[in-house]
Amino acid sequence: MNDGAVPDLPSGAFLPKLDQNIMLFVRLLRRIGLPVGPASMVGAVDAVMTVGVANKSIFYHGLASCLIKRPEDRKLFDQAFHLFWQNPKFMERVRDLLLPQIKVPGLDTDDAEEMLRRLSDVLADRSPPQAGDETKIEIDASATASDRAVLQSKDFEMMSGDELRAAMASMASLTPRLPQRRARRWRPSQNRGQVAIRTALQSASRQFGMVLPHFRTRQTKPRPLVILCDISGSMEQYSRVMLHFIHALTQHHPAVTSFLFGTQLTNITRQMRHRDGDEAVQLVSKLVADWSGGTLIGSNLALFNRQWSRRVLAQGATVMLITDGLDCTPDGDVSALEMLDFEMERLHKSAYNLMWLNPLLRFDGFAPKSRSIQTMLPHVDDFVPMHSLQSISDIVDGLQMVGKRRSHKLSLWQQLARDAALTTRPDNGYAQIKRT
Amino acid sequence: MLERPFETVGMLQADLRDRGYIASDGLSVSLFLALAKHRPLFLEGEAGVGKTEIAKMLARLLKRDLIRLQCYEGLDIAQAAYEWNYAQQLVEIQSRRDVASRAENLFTEKFLIERPLLKALRNHPNGPPILLIDEIDRADEAFEAYLLEMLSDWQITIPELGVIAASEPPIVIITSNRTREIHDALKRRCFYHWVDYPDRELEMAILAEKAPEAGVDLQKQIVEFVQILRQQNLFKSPGVAETIDWAQALVELNCVALDPQMIDSTMGVLLKYQDDISRIQGSEAARILAEVQASIISSEMSRQ
């Protein structure tokens, strides 16, 4: 049926108005973030014509079957539906708001301002090159090279605004390769693997009945990568850079799913698919309400394990956990630590590989003294720093080999954590005497 | 254009009910639209809420053939759409005396093996069949892309043979358990419906249909218990299939009213994860049961 046109409507004063109203309703839905294309809108008008408008519930479901594509959009749709179709005043207000639009569609004022700001940034930076002075250019070039070397090993926390921007820009040039796994499908192979009888016969019928040997092996495909990134107060300096890092990974591989957690857990995969890194980060910062708050790692992981793990960890996924491991539960809260222990264990068991990226590792004298870090360390497969461009590029280089070899450093860290736990545990007599 | 099998949404819902499938308003509307507009219906929802069942029921209701394609990882064209019968082609080649004409006419319908997708496009004596593409989230993304041509134009392109188009489009029902997200391009071509757990009334009606031996009192208790259980933040909430199983199990055990011991010993029918079972079994189950009894009494009081 789908010929792309609105079907012939019975001529009546009411019905043409209805499809105008549906159009307004669709615009409202787009405004609040539902991905509704023009085809879905035409489909919705068509659907309503088919089921009729006599019954409200049927009208609702008629619209819903065309306009909702994800279950998480249902609540928004619900609210919009009740506001829009039950309150005629609201409908008029929406009409006033949405119809006389002269602005670029899809951009509201904040976005436009942000675009302007970026535009002016670009204009200010790109001063026309000075002609003539060649020696100066030479000096500039050498300075840039050493600048880059310094930038490579500099802590993100110590970077100036410009340096940070340069660091974020350099994320885009990363070429990450995800670890591979064997898939169920076959691919033709030159001279090894299983004999591919079907392909041999297929080519035989083209080669006048001559059967030549053909081989096939299993295809490989990238393991999905799931990133859980902490955006609590203690991670403030890193979260923006991390978003650009996640963006670079997502751009290279469709199989990257990412979440931010602070006081709540937010899926930012769709935002990260946006081509432009800055715009993607902008979208995320609008979506997430809990920047730089406290964090409860345990309860966030519990939420992830219950709601998402079956959906995103199904195909042998690698998990990247980006956090400093500093939980804001009061020290000595045993139930929270038990929960953290249980959920970390579950996450570890349901993932192919669990990698912990921790900015605290930048300190030479770092020791796993926090109870939450001691609780988490036994359940990870790798424990690596992520404070500078150098450490990020090490992570990216090592990504392909994830799961292939055991990290030596990890066992050292785990040993350190066990030792530290012995000396600080409250049931250890020495520690108690010292405290009192 | 084909005639609509049903005049109104209500008629479809009533006919389904006669056959023993109780569909919610949302599901009936989506199904009605899919039938009227000849577009696929995409059903997503937790396991055990009756997604596959609706396709079977529809086949019985419309007296059409049901063609089922169970998806799994690695599913490819040879198993989903068509395959050439190479062995037979080879025999054919060797039986031909004339060397020059050996390779001629090898890719014809005679050597084509039809798989579910292609079969669904063929003419069927009972009218267009019902094609059930089950658990599409288990197949790879590549398979989704392959479905796009078939679902929008009702045709399959076979390079050696040409385009095979359906004279009458089949009724397509796609289900997904959401173990991964399905691409928007595929969803856009379908009517989408999220099959939720039923509410109290609907679940009572389903139990009355599927486990009438249980009696109204026990049914009420079961439904109330399961409804409360679904709000408990479990790893896997019980679906309708579990409710029906539980009711039937309780009937088998000659149970007339729920008691804590009976609940504990039959918990494995409702919950399928050890973590969930150990959380609910015992005191928690007794607490929920008390809540169930209180709410049933209060609803009866209000009715009087």
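With the requirement that a residue be open to solvent by 40 Å² or more (accessible area, probe 1.4 Å) and not aliphatic (A, V, I, L, M), what does the stretch B:147-176 give you?
Looking only at the stretch B:147-176, we keep the residues that are open to solvent by 40 Å² or more (accessible area, probe 1.4 Å), and these are B:148-149, B:152-153, B:155, B:157, B:159-161, B:163, B:165, B:167-168.
Hits for the stretch B:147-176 are B:GLU149, B:SER152, B:ASP153, B:GLN155, B:THR157, B:PRO159, B:GLU160, B:SER167, B:GLU168.
Can you name the condition, by its number, that B:GLN155 falls short on among (1) modelled with pLDDT of 90 or more; (2) closer than 18 Å to B:ASP65 by Cα; (3) over 19 Å from the mean Cα position of the chain (by Cα)?
All conditions are met except number (2).
Here is a check on your reading of the model: is A:ASP333 in the same structural domain as A:GLN400 (by TED's automatic domain parsing) and closer than 17 Å to A:VAL241 by Cβ?
no
Could you list all residues from the stretch A:23-55 that are without any contact (Cβ under 8 Å) to a residue 12 or more places away in the chain and at the interface with another protein chain (Cβ under 10 Å from one of its Cβ atoms)?
A:GLY37, A:VAL51, A:GLY52, A:ALA54, A:ASN55
Given the criteria buried (at least 16 other Cβ atoms within 10 Å of the Cβ) and out of contact with any helix residue (DSSP H, G or I) (no Cβ under 6 Å at 6 or more places or on another chain), does B:LEU121 qualify?
On the way: buried (at least 16 other Cβ atoms within 10 Å of the Cβ): yes; out of contact with any helix residue (DSSP H, G or I) (no Cβ under 6 Å at 6 or more places or on another chain): yes.
Judged against the criteria, B:LEU121 is a match.
Going through the stretch A:52-63 one residue at a time, which ones are open to solvent by less than 10 Å² (accessible area, probe 1.4 Å) and within 32 Å of the chain's Cα centre (by Cα)? Please lay out each step first, then the result.
Taking the stretch A:52-63 first, the residues open to solvent by less than 10 Å² (accessible area, probe 1.4 Å) are A:62-63.
Matches in the stretch A:52-63: A:LEU63 only.
Here are some conditions: (1) within 8 Å of another protein chain (Cβ to nearest Cβ); (2) under 25 Å from B:ALA142 (Cα atoms); (3) under 25 Å from the mean Cα position of the chain (by Cα); (4) open to solvent by less than 30 Å² (accessible area, probe 1.4 Å). B:ASP76 meets all but one. Which one does it not meet?
Unmet for B:ASP76, out of (1) within 8 Å of another protein chain (Cβ to nearest Cβ); (2) under 25 Å from B:ALA142 (Cα atoms); (3) under 25 Å from the mean Cα position of the chain (by Cα); (4) open to solvent by less than 30 Å² (accessible area, probe 1.4 Å): (4).
For the stretch B:183-219, enumerate the residues that are closer than 25 Å to A:LEU313 by Cβ, more than 9 Å from chain A (Cβ to nearest Cβ) and more than 16 Å from the chain's Cα centre (by Cα).
Those that are closer than 25 Å to A:LEU313 by Cβ, more than 9 Å from chain A (Cβ to nearest Cβ) and more than 16 Å from the chain's Cα centre (by Cα): B:HIS183, B:ALA185, B:LEU186.
Could you check how many residues of the stretch B:129-153 are within 14 Å of chain A (Cβ to nearest Cβ) and touching a Ser or Thr at 6+ places or on another chain (Cβ under 9 Å)?
5
Do you know which of the residues in the stretch A:381-406 that are closer than 24 Å to A:LYS221 by Cα and part of a loop (DSSP other than H, G, I, E, B) is most open to solvent (accessible area, probe 1.4 Å)?
Only one residue tops the list, namely A:ARG405.
Quick test of your reading of the structure: A:SER285 fulfils all but one of (1) out of contact with any Gly (no Cβ under 7 Å at 6 or more places or on another chain); (2) farther than 20 Å from A:GLN251 by Cα; (3) of a type in the set (Gly, Ala, Ser); (4) at pLDDT 85 or above. Name the failing condition by number.
Tallying (1) out of contact with any Gly (no Cβ under 7 Å at 6 or more places or on another chain); (2) farther than 20 Å from A:GLN251 by Cα; (3) of a type in the set (Gly, Ala, Ser); (4) at pLDDT 85 or above, A:SER285 fails exactly one: (2).
Cβ-Cβ below 7 Å, separation at least six or inter-chain, first residue in the stretch B:166-183 and among the basic types (Lys, Arg), second not in a loop (DSSP other than H, G, I, E, B): which pairs?
B:ARG178/A:ARG311; B:ARG178/B:GLU44; B:ARG178/B:ASP137; B:ARG180/A:ARG311; B:ARG180/B:ASP137
Wholly within the stretch B:246-304, which helices (runs of 4 or more DSSP H) include no fewer than the required count, namely at least 1 residues that are farther than 12 Å from B:GLN221 by Cα, in contact with a Lys or Arg (Cβ under 7 Å, 6 or more places away or on another chain) and polar (S, T, N, Q)?
Here the list is empty.
Looking at A:LEU83, is it in the same structural domain as A:LEU18 (by TED's automatic domain parsing) and farther than 18 Å from B:SER28 by Cβ? Spell out the reasoning first.
Values: in the same structural domain as A:LEU18 (by TED's automatic domain parsing): yes; farther than 18 Å from B:SER28 by Cβ: yes.
Yes; evaluated as a whole, the condition is true for this residue.
Looking at this structure, is A:ASP397 of a type in the set (Asp, Glu) and over 30 Å from A:ALA149 (Cβ atoms)?
So A:ASP397 fails the test.
Going by the structure shown, is B:ARG60 open to solvent by 10 Å² or more (accessible area, probe 1.4 Å), more than 9 Å from every other protein chain (Cβ to nearest Cβ) and charged (D, E, K, R)?
Taking the combined requirement at face value, the residue satisfies it.
Considering the stretch A:340-364 alone, what residues qualify as being more than 24 Å from the chain's Cα centre (by Cα) and either among the small types (Gly, Ala, Ser) or modelled with pLDDT under 90 (or both)?
Passing the criteria: A:ARG362, A:PHE363, A:ASP364.
For the stretch B:36-55, give me each residue that is open to solvent by 10 Å² or more (accessible area, probe 1.4 Å) and among the aliphatic types (A, V, I, L, M).
Residues satisfying the conditions are B:ALA36, B:ALA47, B:VAL49.
Could we say that B:GLY20 is open to solvent by 30 Å² or more (accessible area, probe 1.4 Å) and of a type in the set (Gly, Ala, Ser) here? Show your work before the answer.
Values: open to solvent by 30 Å² or more (accessible area, probe 1.4 Å): no; of a type in the set (Gly, Ala, Ser): yes.
Spelling it out, it is not the case that B:GLY20 is open to solvent by 30 Å² or more (accessible area, probe 1.4 Å) and of a type in the set (Gly, Ala, Ser).
Hey, among B:VAL216, B:VAL256, which residue is farther than 26 Å from A:LEU303 by Cα, at pLDDT below 90 and open to solvent by 70 Å² or more (accessible area, probe 1.4 Å)?
Answer to the check: B:VAL256.
Mind listing just one residue for me: the one in the stretch A:362-380 that is surrounded by fewer than 20 Cβ atoms within 10 Å (Cβ to Cβ) and charged (D, E, K, R) and, of those, farthest from A:MET344 (Cα to Cα)?
So the residue we want is A:ASP364.
This table checks each residue for (1) surrounded by fewer than 16 Cβ atoms within 10 Å (Cβ to Cβ); (2) more than 14 Å from chain B (Cβ to nearest Cβ).
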position: A:PHE156; (1), (2): no, yes
position: A:MET159; (1), (2): no, yes
position: A:ALA172; (1), (2): yes, yes
position: A:THR175; (1), (2): yes, yes
position: A:ARG181; (1), (2): no, no
position: A:ARG187; (1), (2): yes, no
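What are the residue pairs meeting all of these: first residue in the stretch B:83-97, first residue more than 9 Å from chain A (Cβ to nearest Cβ), second residue open to solvent by 30 Å² or more (accessible area, probe 1.4 Å), Cβ atoms under 9 Å, and 6 or more apart or on different chains?
Once the first residue is more than 9 Å from chain A (Cβ to nearest Cβ) and sits in the stretch B:83-97, its partners that are open to solvent by 30 Å² or more (accessible area, probe 1.4 Å) give B:ASN85/B:LYS110; B:ASN85/B:ILE113; B:GLN88/B:LYS110.
The values are calculated or read from the model by the stated rules, or taken from the named source; none is laboratory data. None of these values were measured; they are calculated from a predicted model. Neighbour counts are summed over all protein chains in view; Cβ atoms, including those assigned to glycine, are modelled from backbone coordinates with ideal geometry. Keep in mind that these areas ignore ligands, DNA and RNA; they rest on the heavy atoms of the full protein, side chains included. Shrake-Rupley method; radii C 1.70, N 1.55, O 1.52, S 1.80 Å.
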